[in-house]
Amino acid sequence: MLEEGDLSTCLLNELDQIANEIVDLHYERIPDLYLKYGSSGKKKSIADVKHHLIFLENACKYESPELFMAYIDWLKILFKHLGLPSSYMLDNLDVIREVLGSRDDLNNSKILFDILDSGKDRLLSDTPVLSCYLEKSKLPSLVKEYNSFLLENDEKGAYRLIIQAVEQGIDIKDIYLNIFQCSQLEIGRLWQLNSISVAKEHFCTAATQKIMAQLYPYVLSRSGNKHGVVAACVGTELHEMGMRMVADFFEMEGWNTCYLGANTPVESIIRTVAEVQADLLLLSVTMVGHLNMLSDVIRRIREDERINDILIIVGGYPFNVDRDLWKKVGADAYARNARKAVEIADTLVDGLSRQEVS
Ligand code: B12
């Protein structure tokens, strides 16, 4: 019987080789693909298949079909708006199944093939509707205006709007969650729908980061603190705005925050936790492929006598998809957004109980 560890080792160690084999077979079966997309298309297909395998490996490792189903939903929308026919992904999944099934080291993994089969069913079901995030904001007219400024490259207009809102007394936390966060999610949606370019997404993100930085005088704790917290995005994770917002919420509530930002090596996180003697560690992951590194940090902290009693709260996209995932990575808790994160941290640190707030 194949152990989970073997499956991960095999899929990750031989990722390039397996992805190449899958794409070669796919292109051999459907020669039109090469005629239509050429060698650069084939290279992109190999990169895509690597992503599929990474999601699949994590879905198996954490026994979380939800992670793979959410990925299929995401792909359906993305590929549809890139003009790829739905048959492309269906054939691709069939070939993945065939290639993995032909390997003696993988073909008895029930979870792997169950998840692949569910993924295919999901692909055949209706494409989910990706509705506008701005409507979900508690400040709908402000966030719509803010996003319009950004989409028109009017960074100054966006900045003035936020400063006015602050002067009118709108709470900074509401500005974070109901303007910045909603705006970022909407930018991501527009990118996924192929309605805006990568450059536009980068511009909007950079503008919002600059505007957030202008609000620091309101964020820095006025009162003395209660506890110390380290916040980091694990490994090669570049999505750091969510973690930054969470860290700022802690700062606003009087915690001593040590925010390490994106792309933090496992070693550095562990060293910092030991150095600053923090009470709480916050870890963020957006890309599912970084979950392995997050689990690794937690495992190593738990094995380190100097710091093994620190509380660890995790968050980010995969944890919002699978609400039980935080338990499987060995964390003490999870929270779906910055506000909830502070609530649960207060509860945990006060020693009341270890529980999830969602
Ligand atoms: C901006 C952005 C980027 C920027 C990030 C810049 C930066 N400084 O952060 C850049 C350009 C670097 C980027 C790169 C990529 N991105 Co990107 N990105 C986004 C985008 C548009 C917004 C992210 C964001 O700022 N969200 C706003 C914050 C506030 O929300 P949040 O992160 O969810 O955080 C909240 C909660 O989750 C929670 N939380 C978060 N962390 C933590 C931690 C703790 C402890 C707790 C308690 C709570 C918590 O609280 C936060 C605040 O309330 C998203 C769209 C989206 N739907 O998220 C895509 C998105 C995440 N990216 C995506 C992709 C595909 C990529 C790339 C692979 C693209 C590429 N081909 O290169 C790379 C991967 C890079 C990497 N190695 O990490 C996809 C992911 C799809 C998927 N199925 O996984 C998305 C969803 C876009 C899309 N709609 O398709 N991206």
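The values are calculated or read from the model by the stated rules, or taken from the named source; none is laboratory data. Since this is a predicted model, take the numbers as computed values, not measurements. Cβ sites come from the backbone with ideal geometry, for glycine too, and all protein chains shown count toward neighbours. Accessible surface areas use protein heavy atoms only, side chains included; no ligands, DNA or RNA. Shrake-Rupley method; radii C 1.70, N 1.55, O 1.52, S 1.80 Å.
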Within the stretch 161-184, identify whether any single residue is within 12 Å of the ligand (Cβ to nearest atom), in contact with a helix residue (DSSP H, G or I) (Cβ under 7 Å, 6 or more places away or on another chain), of a type in the set (Val, Ile, Thr) and not in a helix (DSSP H, G or I), and answer yes or no.
no
Filter the stretch 206-233 down to the residues that are within 11 Å of the ligand (Cβ to nearest atom) and crowded, with 18+ Cβ neighbours inside 10 Å and list them by number.
Thr208, Met212, Val229, Val230, Ala231, Ala232, Cys233
Only residues that are within 15 Å of Asp24 (Cβ to Cβ) and of a type in the set (Asp, Glu): list them for the stretch 86-104, please.
Asp91, Asp94, Glu98
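Just give me the residues in the stretch 219-277 being of a type in the set (Lys, Arg) and more than 19 Å from Arg302 (Cα to Cα), in sequence order. Spell out the reasoning first.
In the first step, residues of the stretch 219-277 are kept if they are of a type in the set (Lys, Arg); the result is 222, 226, 244, 271.
Listed by number, the residues that qualify are Arg222, Lys226, Arg244.
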Does the stretch 243-283 hold any residues that are at positive phi and in a strand (DSSP E or B), and which are they?
Gly261, Asn263
I'd like to check something: does the stretch 66-81 contain any residue that is farther than 18 Å from Leu12 by Cα, open to solvent by 50 Å² or more (accessible area, probe 1.4 Å) and modelled with pLDDT under 95?
yes
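Can you tell me which residue is surrounded by the fewest Cβ atoms within 10 Å (Cβ to Cβ) among those in the stretch 185-196 that are closer than 18 Å to His239 by Cα and more than 7 Å from the ligand (Cβ to nearest atom)?
Pass one, the stretch 185-196, residues closer than 18 Å to His239 by Cα: 185-192.
Now narrow it down to the ones that are more than 7 Å from the ligand (Cβ to nearest atom): 186, 190.
Working: Glu186: 24, Leu190: 20.
In this case the residue turns out to be Leu190.
Is the stretch 229-242 home to any residue that is assigned to a helix (DSSP H, G or I) and either at pLDDT 95 or above or in contact with a Pro (Cβ under 8 Å, 6 or more places away or on another chain) (or both)? Reasoning before the result, please.
Start the filter on the stretch 229-242 by keeping residues that are assigned to a helix (DSSP H, G or I), which leaves 241-242.
Pick out the ones that are also either at pLDDT 95 or above or in contact with a Pro (Cβ under 8 Å, 6 or more places away or on another chain) (or both) and you get 241-242.
For the stretch 229-242, residues assigned to a helix (DSSP H, G or I) and either at pLDDT 95 or above or in contact with a Pro (Cβ under 8 Å, 6 or more places away or on another chain) (or both): present.
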Do the conditions hold for Gln209, that is, is it of a type in the set (S, T, N, Q) and touching a residue at least 40 places away in the same chain (Cβ under 8 Å)?
no
His26 vs (1) surrounded by 19 or more Cβ atoms within 10 Å (Cβ to Cβ); (2) within 30 Å of Trp326 (Cβ to Cβ): all pass except (2)
Counted residues, the stretch 60-76 - those being within 10 Å of the ligand (Cβ to nearest atom) and within 17 Å of Asp91 (Cα to Cα):
4
Give the residue, chosen from Val285, Val297, Val321, that is under 23 Å from Leu12 (Cβ atoms), crowded, with 21+ Cβ neighbours inside 10 Å, within 10 Å of the ligand (Cβ to nearest atom) and of a type in the set (A, V, I, L, M, F, W, C).
Val285
Checking Leu35 against (1) among the aliphatic types (A, V, I, L, M); (2) exposed (fewer than 15 other Cβ atoms within 10 Å of the Cβ); (3) under 26 Å from Ser125 (Cβ atoms), which single condition isn't satisfied?
(3)
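Looking only at the stretch 160-176, which residues are over 27 Å from the mean Cα position of the chain (by Cα) and not polar (S, T, N, Q)? Step through it out loud before you land on a result.
Applying the first criterion (over 27 Å from the mean Cα position of the chain (by Cα)) to the stretch 160-176 yields 160-161, 163-170.
Once the filter is applied, which keeps residues that are over 27 Å from the mean Cα position of the chain (by Cα) and not polar (S, T, N, Q), the stretch 160-176 yields Arg160, Leu161, Ile163, Ala165, Val166, Glu167, Gly169, Ile170.
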